[in-house]
Structure formats: structure tokens, C-alpha cells
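Below is one structure, written out as C-alpha cells, with a few remarks after it.
Any read-out appearing in this document is the output of simple, stated calculations on the displayed coordinates, not a laboratory observation. Because the structure is a prediction, the values reported are computed rather than measured. When we count neighbours, we look across all protein chains shown, and the Cβ atoms used for this are built from the backbone with ideal geometry, even at glycine.
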Amino acid sequence: MAKFKVIVSDPQTGKSQSIELEEHKAVPLIGKKIGETIDGTALGLRGYKLLITGGTDKDGFPMHPTIHGGIRKSILLKKGVGFNPKREGQRKRKTLRGNVITEEIVQINMKILEKPKQTMKKKEEAVEARSEKGEEEAQPEKAS
């Protein structure tokens, strides 16, 4: 069965967290592509919307958005995922994995697009709690 290590990054705070998925929890991710948006409930993050940004396979080869399917392929690169040229005009042949999540993928990178919104009840409770604290502090002063 599939076993994934999912890295979820929050662009607003700059922090990331790691979530491990095994067996039946990992199945909803198989067949998804780089650039697709998924619901966070598959990862235990209810109310979140996540974007798949990449990943690596069992041998460490990165996923590349321009290679279609779940295959491993050797392509000539100028820049981008898997290759950073040291001088202008440099090209290099690199082995990369396709853009589809298969059972051979080990790590999946995602970023948060949308967080759950606070309900009006939670906001009202927070305002009431603040106002009650203010009233409690004010009452002993009146009694003195």
C-alpha cells in the first residue's frame, strides 16, 4: 500500500508541518496531479484548501509539472525544478518523475490556499469573553 509524507506549507506564516499518511488514508491522493487543489479533510485538516506543488519519488527524483503521467523520464533542462544552472546558457540532462502521484511517490509538497473561516458564533463568544473580563474588573472598583 501507499505511504506518503505530506509537507504542508503556510505561505502567510512561513511555517510548514509534516503529516504521514498510510494505507487507506493515502488512497485519495493517488492519481492527483501537480497544480490540483484538494480538500484538507483527506489530511485531517478540515476546512482547508490545499494546492499540490510537487514531491519526490522513492529514489529521490523530483516530480516535474511538464512531464505527464507517473513515469520517470530523462529530459534536457535549461532551468526549473531539478536543475539550477551555474552559468548562462547551460543545459543538463536530468532524470525526473512525472506530475501524477503514484504509489512510487514518497513525499508530497502542498501549500495552504484557504484556511477555515471563523464562524460568527466563535467571534461573538470571543467578544463576550473580553467584555465580561472588563465588567468583572470594573465591578470591584465600584464597590470600594
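Note down the net charge around LYS86, summing +1 for each Lys or Arg and -1 for each Asp or Glu among other residues with Cβ under 13 Å from its Cβ.
+4
Could you work out the relative contact order of the range 36-120, using alpha carbon pairs under 8 angstrom and six or more residues apart, expressed as a whole percent?
37 percent
Starting from the range 1-79, pick out the GluC sites (Glu not before Pro) whose DSSP state is loop and whose Cβ has at most 16 other Cβ atoms within 10 Å.
Those that pass, being in a loop and sparsely packed, are GLU36.
Assuming R0 = 22 Å, what is the FRET efficiency of THR56 and LYS115, from their Cβ-Cβ distance, to the nearest 0.05? Walk me through the numbers before you get to the answer.
Details: r = 26 Å, r/R0 = 1.20.
Efficiency, from the Cβ-Cβ distance: 0.25.
Once fully extended, how much extra length lies between ARG46 and ARG91, figured as 0.36 nm per residue of separation less the alpha-carbon to alpha-carbon distance? Display every interim value, and only then the final one.
Numbers: separation 45, 0.36 × 45 = 16.20 nm, distance 4.32 nm.
Value of the extension gain: 11.9 nm.
Projecting each Cα onto the charge dipole of the range 62-120 (Lys/Arg +1, Asp/Glu -1 at the beta carbon, about the Cα centre), which of GLY82, PRO62, ILE105 comes out farthest on the positive side?
Of the listed residues, the answer is GLY82.
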